[in-house]
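The values are calculated or read from the model by the stated rules, or taken from the named source; none is laboratory data. All of these numbers come straight from a predicted model, not from anything done at the bench. Because the Cβ atoms are built from the backbone with ideal geometry, glycine has one as well, and the counts that use them run over all protein chains shown.
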Amino acid sequence: MLLGFFDFNEKKFLLFDIPGTYSLMSNSEEEEIARDFICFEKPDVTVIVVDGTCLEKSLNLVYQTMEITSNIIVCVNLLDEAQKKGIQINLDLLSKELGVPVVGTIASKKKTLIQLQEKIYNLCEKNISSNPIQIQYPDDIEKNIVEISNSLKNILPKEHSYLSRWISLKILDYDEKIISTINDKIFDSNNAISSIKLDKNSSTDLRNIIVSSIISKCEEITKKVTTFTIKRNKSFDRKLDKILTSKTFGIPIMLLFLGIIFWLTIVGANYPSQMLSEFFNYLQKKLLVLFNNLHIPEFITNPIIYGVYQTTSWVVSVMLPPMALFFPIFTLLEDLGFLPRIAFNLDKCFKKCCTCGKQALTMCMGFGCNAAGVVGCRIIDSKREKIIAMLTNCFVPCNGRFPFLITVATIFIGGLVTGAFSSLLATLTVLLIVLLGIIMTIVVSKILSKTILKGEPTSFILELPPYRKPQIGKIIVRSIFDRTLFVLGRALAVAAPAGLVIWLLANLHIGDVTILAFVANILDPFAKLMGLDGYILTAFILGLPANEIVLPIILMSYLGDSSLVNLEDTFSIGQILIQNGWTFITAINVMIFCLLHFPCSTTLISINKESGSFKWCALGFVIPTVCGILMCMFTNLIWSIFV
């Protein structure tokens, strides 16, 4: 739930943006949150934003809300989109039919939003009245409502008397979940209304009659207030949807767009990354001069500069540019209306795994940053499906892993051939790794849904929005502040102390070897079973704060340096790796483990916060790591048998 503020006529207003929903029947988490807030938090005004392009469907929520509160304003949004489709809505007549204030808005036009603010102010100050005209159900239901309402008078606290009709309806349709919530919120779990509960066997029919009455009324009102000035059999949107959501072209077009985003992100991020790296190197030299002039001893200077500063600056220079490119592009596709089409195309695939198509959207976000993908799982209604999506998001490589994958593929796979085929083969290898990640996402989702997270997939009702002209300014602000800086902040919070730990491990000794080498020697026998070596495995462990620092730690270990090594020359990196025993199978297993290993600390923190349980955070660490270890052992065994 988001909070906002605005001032109008010297009054301050606090806004609560509750989750979007079309109903308050508590069939999803969003509906429960919206229902509970409207029912029990007693907002001064409830503004219901309805879609002007599909008014009939939106009025369902309006009528359900009018059963709960009378302080309602109906905001008919997207009037510009409605006009394009030839839809005209008589707002005054709609207000008269509903008995509540109605205002039309176009979100991009400030004037219409001021009109909405004025309506809110006037309703709060009682300058206008709101007297909802509620639906009259069949006589027998209305009679029952009156009888139950009379019974409630004796037990319903005075401050909740306004809910009498709504509670009567919930008792009539026997919604156990809502009745339980009512008992908890109003009667302190005394189960006070159980004595006036009707026969369960009649509840299904009653609910159907209630829902049918609401739908009929919505249809009646919509016909009265809506006129169509343009009649078209096929709109441009529908023609485009036939291509983008078709069985033949839908998935290939999606993969093409994904490839273009990767290419723009990887290629485009190289230049700002290099500039940031040069800037931080320049700043490092100045800091060293400053520390020297201040006569700060080396045992303080070295850990701070070569440990904390160098690690955090590396994370910023490598993470920030790709995220700053990926998230605006991703948000652009979201504003255009393309992302819901991706979810539609993949819905059937994820449904077979007992999850839903929205997981496809969070998976795509994971290509930019797994932590952002985890946060994006908020769009999934079911808690079970949300947790599955969070636990499997790290199976797709994020921007932090792509440079490492590309470097290794270029050196050891692309190096098998010469000329133009070299880069083509390296690109194909990275695409196969990406495909492996998608397959693992689907497979592990299926396993989880049949074991520890059993359950049937929830119904996924997806409204394909119209294609809209994106608002570039809002896209940049939203993607930079809400996603890029948010994720980067979490990464830096862990990278700074990790930098100190890495420096200490590389500079403190146990006997004649550093602690880093000592740990690597202990892990080496196990790493050999995976086709790796101890230094590689140690680098992945120390790379927990951010995947970007894994390769620098490997190079630092091989060269015996006391701080992270930054080599941009692929040939030089290749020479160091080959001299330290890397082979074709080493490269293959490193790429597999790079894809399938524990997510970075930022992602783990996000899983913990979003799930609200350390248990799921621990599973988020264990599941991909076990998959990576087993797959590396398998490929290494096959290689040793046949080669």
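Brief remarks on what is shown
- Filter result (part of a helix (DSSP H, G or I), under 14 Å from Asn393 (Cα atoms) and either touching a strand residue (DSSP E or B) at 6+ places or on another chain (Cβ under 8 Å) or hydrophobic (A, V, I, L, M, F, W, C) (or both)) within the stretch 600-622: Leu604, Ile605, Ile607, Trp616, Cys617, Leu619, Phe621, Val622
- Qualifying positions in the stretch 616-628 - surrounded by fewer than 19 Cβ atoms within 10 Å (Cβ to Cβ) and touching a His at 6+ places or on another chain (Cβ under 9 Å): Thr625
- Test: Asp92 is within 27 Å of Arg238 (Cβ to Cβ), not assigned by TED's automatic domain parsing to the domain that holds Ile179 and not basic (Lys, Arg): no
- Residue within the stretch 358-376 that is β-branched (Val, Ile, Thr), in contact with a Gly (Cβ under 9 Å, 6 or more places away or on another chain) and under 27 Å from Ala539 (Cβ atoms) present: yes
- Single residue of Ile536, Ile576 found to be among the aliphatic types (A, V, I, L, M) and either surrounded by 18 or more Cβ atoms within 10 Å (Cβ to Cβ) or in contact (Cβ under 8 Å) with a residue 60 or more places away in the chain (or both): Ile536
- Only listed residue being farther than 26 Å from Lys450 by Cβ, modelled with pLDDT under 80 and of a type in the set (A, V, I, L, M), chosen from Leu346, Leu325, Leu332: Leu325
- Screening Lys42 with (1) in a helix (DSSP H, G or I); (2) at positive phi gives one miss only, at (1).
- Counting only residues that are in contact with a helix residue (DSSP H, G or I) (Cβ under 7 Å, 6 or more places away or on another chain), within 21 Å of Leu113 (Cβ to Cβ) and part of a loop (DSSP other than H, G, I, E, B), the stretch 61-89 holds 1 of them.
- Matching residues in the stretch 126-169 - criterion: being closer than 16 Å to Ile182 by Cβ and of a type in the set (A, V, I, L, M): Ile145, Ile148, Leu152, Ile155, Leu156, Leu163, Ile167, Leu169
- The residues of the stretch 6-22 that are modelled with pLDDT under 80 and either surrounded by fewer than 16 Cβ atoms within 10 Å (Cβ to Cβ) or assigned to a helix (DSSP H, G or I) (or both) amount to a single one, Gly20.
- Filter result (in contact with an Asp or Glu (Cβ under 9 Å, 6 or more places away or on another chain) and assigned to a helix (DSSP H, G or I)) within the stretch 45-58: Glu56, Lys57, Ser58
- Among residues of the stretch 595-622, those that are out of contact with any helix residue (DSSP H, G or I) (no Cβ under 8 Å at 6 or more places or on another chain) and not basic (Lys, Arg), counted: 4
- Residues that are β-branched (Val, Ile, Thr), over 32 Å from the mean Cα position of the chain (by Cα) and surrounded by 11 or more Cβ atoms within 10 Å (Cβ to Cβ), drawn from the stretch 276-314: Ile296, Thr301, Ile304, Ile305
- Check on Ala107, in the same structural domain as Met66 (by TED's automatic domain parsing), small (Gly, Ala, Ser) and outside any loop (DSSP other than H, G, I, E, B): no
- Verdict on Ile186 being among the β-branched types (Val, Ile, Thr) and not assigned by TED's automatic domain parsing to the domain that holds Leu15: yes
- In the stretch 144-173, the residues that are outside any loop (DSSP other than H, G, I, E, B), within 21 Å of Leu59 (Cα to Cα) and either free of Cβ contacts under 8 Å to residues at least 40 places away in the same chain or small (Gly, Ala, Ser) (or both): Ile167, Lys170
- Any hit, the stretch 108-121, residues being over 30 Å from Lys158 (Cβ atoms) and of a type in the set (Phe, Trp, Tyr): no
To keep it simple, each residue is scored yes or no on (1) within 22 Å of Leu123 (Cβ to Cβ); (2) exposed (fewer than 15 other Cβ atoms within 10 Å of the Cβ).
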position: Gly4; (1), (2): yes, yes
position: Leu24; (1), (2): yes, no
position: Glu32; (1), (2): no, no
position: Arg35; (1), (2): yes, no
position: Leu55; (1), (2): yes, no
position: Ile87; (1), (2): no, no
position: Val100; (1), (2): yes, no
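- Residues in the stretch 102-143 that are in contact (Cβ under 8 Å) with a residue 24 or more places away in the chain and among the small types (Gly, Ala, Ser) were compared, and the one that is surrounded by the fewest Cβ atoms within 10 Å (Cβ to Cβ) is Ser108.
- For the stretch 518-592, the helices (runs of 4 or more DSSP H) that sit wholly inside it and include 3 or more residues that are more than 26 Å from Ala496 (Cα to Cα) are 570-579.
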